[in-house]
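The values are calculated or read from the model by the stated rules, or taken from the named source; none is laboratory data. On a predicted model such as this, the values are computed, not experimentally measured, just so you know. For neighbour counting, all protein chains shown are included, and Cβ atoms are generated from backbone atoms with ideal geometry for every residue, glycine included.
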Amino acid sequence: MFREERLAKPENDYLSAVTMIEDSQIPVRITEDQVLAEDWALVLVALGLSPSVRRAPGGFVLSVPEPEVQRALAGLAAYELENPSKLPAPNDRAESAPWPAGLAVAAMLLVFFIVTVLWNPSVPWFERGSADAERILRGELWRTVTALTLHADVVHALSNAVGAVVFLGAVYGILGAGLGSGVVLLAGAGGNLANAFLQDWPHVSVGASTAIFGAVGLLGSLGMARRCQKESRRGRAWLPVAAALALLAMLGAGGPRVDVLAHLFGFILGGLLGVLFAFIVPDRPGRGAQWTCGCVALAAIVYCWTLALR
């Protein structure tokens, strides 16, 4: 995602003490995290050294003049001992494929629309799988999940497919495709359940948009939590939540057939889950955990449809 180019701003606290990179300077650290590179530079400035930070193909490179190398390494080692890094392992970042995974979810939504509406409409997909509030409260809880896979028309299906690419792709970039799918599915199902409790009967709804707005709420709260964990960004920690609320108002409240409450409940539940996971799972899980979470999410959808069509 986009980051503030803070290293290019002359008003940064430490830039007055940082010299331009020279041939005599020796790299001592490299990171993809710009904030971490700035923290390292501040540590060395506090030790009376003259660090330089420059952008390179591999990330941000921290260098010091050759006579200062030993003091710099010792100072950084002491700093890292007191402040262990919480960055995801490089292998985990490399294994994440957020946009292809978002495209895969979008493709599955469109394929299922073709199957249920165009190819095999004789099966009572909507009768058995829609989020019917009365039937959900009578115990047919599988409808909270199956309704997320149903779409009434091609415009409905295409709009949610686009939302899956954009918003689920962003969630996958933070949590990973497996864990992200599980959390978004939970937010969507929970939103449908809350909607069933508060809607007047009869009320029937379908569509993945409840889960899509769950992803929006998840992104807002994850962004807020991560800013709160970085002291330099706490003053603007509210910005991701404000952006998420603006998206909810712009995309989730228009049109005569839009289920505004379902969108709102998905958004709220996604936000709550985002705060929870920001503290319970500070690092993105590795490949094994991602596959496990993804398979559980897919198995939950298949199981719910098995109950619906039995």
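Pairing residues of region 163-174 that are in contact (Cβ under 8 Å) with a residue 24 or more places away in the chain with residues that are polar (S, T, N, Q) and not in a helix (DSSP H, G or I), at Cβ distances under 7 Å and at least 6 apart in sequence or on separate chains, gives TYR172/SER96; GLY173/SER96. The number of residues in region 34-55 being within 15 Å of SER24 (Cα to Cα) and more than 33 Å from the chain's Cα centre (by Cα) comes to 3.
Residue-wise test of (1) modelled with pLDDT under 85; (2) surrounded by fewer than 16 Cβ atoms within 10 Å (Cβ to Cβ); (3) within 24 Å of the chain's Cα centre (by Cα).
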{"residue": "GLY59", "(1), (2), (3)": "yes, yes, yes"}
{"residue": "VAL69", "(1), (2), (3)": "yes, no, no"}
{"residue": "ALA74", "(1), (2), (3)": "yes, yes, no"}
{"residue": "ALA78", "(1), (2), (3)": "yes, yes, no"}
{"residue": "GLU82", "(1), (2), (3)": "yes, yes, no"}
{"residue": "SER85", "(1), (2), (3)": "yes, yes, yes"}
{"residue": "ASN91", "(1), (2), (3)": "yes, yes, yes"}
{"residue": "ALA97", "(1), (2), (3)": "yes, yes, yes"}
{"residue": "ALA101", "(1), (2), (3)": "no, no, yes"}
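Scanning region 279-310 for residues that are over 21 Å from GLY102 (Cα atoms) and either out of contact with any Lys or Arg (no Cβ under 7 Å at 6 or more places or on another chain) or in a loop (DSSP other than H, G, I, E, B) (or both) gives PHE279, ILE280, VAL281, PRO282, TYR303, CYS304, TRP305, THR306, LEU307, ARG310. Among the conditions (1) modelled with pLDDT under 90; (2) over 18 Å from the mean Cα position of the chain (by Cα), LEU307 misses just one, which is (1). The criterion of being within 27 Å of the chain's Cα centre (by Cα), touching a residue at least 60 places away in the same chain (Cβ under 8 Å), outside any helix (DSSP H, G or I) and more than 16 Å from LEU273 (Cα to Cα) holds for GLY207.
One residue stands out among those in region 56-77 that are touching a helix residue (DSSP H, G or I) at 6+ places or on another chain (Cβ under 7 Å) and not aliphatic (A, V, I, L, M): the one that is farthest from SER24 (Cα to Cα), which is GLY75. Filtering region 103-130 to residues that are among the hydrophobic types (A, V, I, L, M, F, W, C) and over 24 Å from the mean Cα position of the chain (by Cα) leaves VAL111, PHE112, PHE113, ILE114, VAL115, VAL117, LEU118, TRP119, VAL123, TRP125, PHE126. The set of residues from region 251-285 being exposed (fewer than 15 other Cβ atoms within 10 Å of the Cβ) and small (Gly, Ala, Ser) comprises ALA253, GLY254, GLY255.
From the set of residues in region 115-163 that are over 20 Å from PHE265 (Cα atoms), outside any helix (DSSP H, G or I) and polar (S, T, N, Q), which is modelled with the lowest pLDDT? Among residues in region 115-163 that are over 20 Å from PHE265 (Cα atoms), outside any helix (DSSP H, G or I) and polar (S, T, N, Q), the one modelled with the lowest pLDDT is ASN120. Evaluation of ARG257 against the conditions (1) farther than 25 Å from PHE113 by Cα; (2) at pLDDT below 90 shows that the sole unmet condition is (1).
Quick check on region 174-203: of everything there that is among the β-branched types (Val, Ile, Thr) and modelled with pLDDT of 90 or more, which residue is surrounded by the most Cβ atoms within 10 Å (Cβ to Cβ)? Walk me through it before giving the result.
The initial filter retains those residues of region 174-203 that are among the β-branched types (Val, Ile, Thr), namely 174, 183-184.
Adding the requirement that they be modelled with pLDDT of 90 or more leaves 183-184.
Details: VAL183: 26, VAL184: 32.
It comes out as VAL184.
Take region 226-249 and flag every residue that is at pLDDT below 70 and either more than 18 Å from the chain's Cα centre (by Cα) or not in a helix (DSSP H, G or I) (or both). Correct list: LYS230, GLU231, SER232, ARG233, ARG234, GLY235, ARG236, ALA237, TRP238.
Exactly one residue out of VAL35, VAL18 is outside the structural domain of TYR172 (by TED's automatic domain parsing) and modelled with pLDDT of 65 or more, and it is VAL35.
Of all residues in region 204-218, those satisfying the criterion of being crowded, with 24+ Cβ neighbours inside 10 Å and of a type in the set (Val, Ile, Thr) are VAL206, THR210, ILE212, VAL216.
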